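What follows is a set of notes on a single structure, which appears directly below.
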Ligand SMILES: NC(=O)c1ccc[n+]([C@@H]2O[C@H](COP(=O)([O-])OP(=O)(O)OC[C@H]3O[C@@H](n4cnc5c(N)ncnc54)[C@H](O)[C@@H]3O)[C@@H](O)[C@H]2O)c1
C-alpha cells in the first residue's frame with residue numbers, strides 16, 4: 001500500500017510542529033507539504049535531515065502536491081477556509097482546531113458529503129482524555145456524588161476547562177438524573193457546579209493539562225485521572241484519524257465517535 005500523502009496547516013504552531021514530526025516518522029504516511037501564515041522560507045526542515053515545501057498559500061500547496069489528507073491545527077477561520085479549498089479538491093480533513101461553531105460543523109459535513117470525502121473534527125485528540133470521559137460516564141450511573149479537579153498551566157485563560165465542563169455534562173446525561181450535592185451553604189472555595197458536579201480549577205506554572213474525576217458513594221470513592229506531559233499526547237489520536245478518515249464520508253465529530261465509544 002502506498003503511503004498516505006499528508007499536508008499540515010498550522011505547521012509552525014505548537015501542535016502543528018508535533019504533527020509534522022509524527023507524520024514524518026510514520027512509515028505509512030508521507031508529509032508532502034506544510035502551510036503556515038508565518039512561513040518565511042519555502043521549505044521546512046524535517047528531523048531526518050530532509051525537507052518539505054512550506055508556504056503560507058494553502059491553495060498552492062494543495063494544487064502542487066495533491067495530498068489525500070489535510071491536517072489543521074491553526075485558527076477557526078483558517079480551518080474553515082481550508083475545509084472549503086481542500087474538499088473541493090477531494091482532500092480529506094482532520095481538524096483539531098477549536099472554536100468551530102455548530103454551523104461550521106454543519107458546513108464541514110455538507111462539504112465532505114458533497115465532495116465524497118471524510119472529515120474528522122475532534123476538540124480533544126488525546127486518547128487518554130477521551131477514555132477518561134468514557135469511563136466517567138460509565139461510573140456516573142452507579143455513584144451518586146461526583147467532583148472534578150482540573151489542573152492546567154497558568155497561561156490557560158478559561159476556567160473551568162472545556163473538557164471538565166464537557167465531562168460533567170456527559171456524566172449527567174449518562175446518569176439520567178442529577179448528582180447529589182453535599183448539604184451546606186455554597187462557598188466560593190467549593191468551585192463551580194456544572195450539572196450537579198462541582199469543578200475545581202487549579203492554575204499553576206509547571207502543570208500541563210490534568211483532570212481527575214472523583215466519584216463518591218457510601219464508604220468508597222473512585223478516581224479516574226488523566227495527565228498530559230506534553231503535546232505528543234495528541235499524536236496517536238491524530239495518526240489514527242489520518243488513517244481512518246480515508247474510510248469515511250462526511251463528518252465524524254470527536255475521537256470517541258471515531259473509536260466507536
Ligand atoms: N484538538 C485537540 O486535541 C487540540 C489540542 C491542542 C490544541 N488544539 C487547538 O489547535 C489550535 C492550534 O493550537 P496551537 O497551540 O498549536 O496554537 P499556535 O498558535 O501555537 O499555532 C497555530 C499556528 O497556526 C498558524 N496560523 C494562524 N492563522 C493561519 C492561517 N490563516 N493560515 C495558516 N496558518 C495559520 C499560526 O501562524 C501558528 O503557527 C488551537 O485552536 C487549539 O485550541 C486542539
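Before moving on, here are some points about what is shown:
- Flag for residue 137 being assigned to a helix (DSSP H, G or I) and surrounded by fewer than 21 Cβ atoms within 10 Å (Cβ to Cβ): yes
- Only one of the numbered conditions (1) closer than 30 Å to residue 3 by Cα; (2) touching a helix residue (DSSP H, G or I) at 6+ places or on another chain (Cβ under 6 Å); (3) surrounded by fewer than 18 Cβ atoms within 10 Å (Cβ to Cβ) is not met by residue 230, and that is (2).
- Checked against (1) closer than 20 Å to residue 112 by Cβ; (2) within 11 Å of the ligand (Cβ to nearest atom); (3) without any contact (Cβ under 8 Å) to a residue 40 or more places away in the chain; (4) crowded, with 17+ Cβ neighbours inside 10 Å, residue 72 passes all but condition (3).
- Residue check, residue 223 surrounded by 17 or more Cβ atoms within 10 Å (Cβ to Cβ), touching a strand residue (DSSP E or B) at 6+ places or on another chain (Cβ under 7 Å), modelled with pLDDT of 95 or more and assigned by TED's automatic domain parsing to the domain that holds residue 145: no
- Of all residues making up segment 53-67, the number that are within 25 Å of the chain's Cα centre (by Cα) and closer than 12 Å to residue 31 by Cβ: 3
- Where strands (runs of 3 or more DSSP E) fall entirely within segment 1-96, those with at least 3 residues that are under 26 Å from residue 253 (Cα atoms) and in contact with a helix residue (DSSP H, G or I) (Cβ under 6 Å, 6 or more places away or on another chain) are at 4-9, 29-35, 69-72, 92-95.
- Scanning segment 97-119 for residues that are in contact (Cβ under 8 Å) with a residue 40 or more places away in the chain, assigned to a loop (DSSP other than H, G, I, E, B) and either farther than 22 Å from residue 36 by Cα or in the same structural domain as residue 164 (by TED's automatic domain parsing) (or both) yields 116, 117.
- Residue 188 passes every criterion in (1) modelled with pLDDT of 95 or more; (2) farther than 27 Å from residue 102 by Cα apart from (1).
- Selection of strands (runs of 3 or more DSSP E) fully inside segment 180-223 by the criterion of at least 3 residues being without any contact (Cβ under 8 Å) to a residue 60 or more places away in the chain and touching a helix residue (DSSP H, G or I) at 6+ places or on another chain (Cβ under 8 Å) returns 197-203.
- Residue 163 crowded, with 17+ Cβ neighbours inside 10 Å, touching a helix residue (DSSP H, G or I) at 6+ places or on another chain (Cβ under 8 Å) and modelled with pLDDT under 95: yes
- Residue 122 vs. criteria crowded, with 19+ Cβ neighbours inside 10 Å, within 12 Å of the ligand (Cβ to nearest atom), within 17 Å of residue 249 (Cα to Cα) and touching a residue at least 60 places away in the same chain (Cβ under 8 Å): yes
- Selection status of residue 77, without any contact (Cβ under 8 Å) to a residue 24 or more places away in the chain and within 11 Å of the ligand (Cβ to nearest atom): yes
- Answer from 240, 215 - the residue that is at pLDDT 95 or above and away from the ligand (no atom under 16 Å from the Cβ): 215
The values are calculated or read from the model by the stated rules, or taken from the named source; none is laboratory data. Nothing here was measured: the structure is a model prediction, and the numbers come from that model. Every residue, glycine as well, gets a Cβ built from its backbone with ideal geometry; the counts of neighbours run over all protein chains shown.
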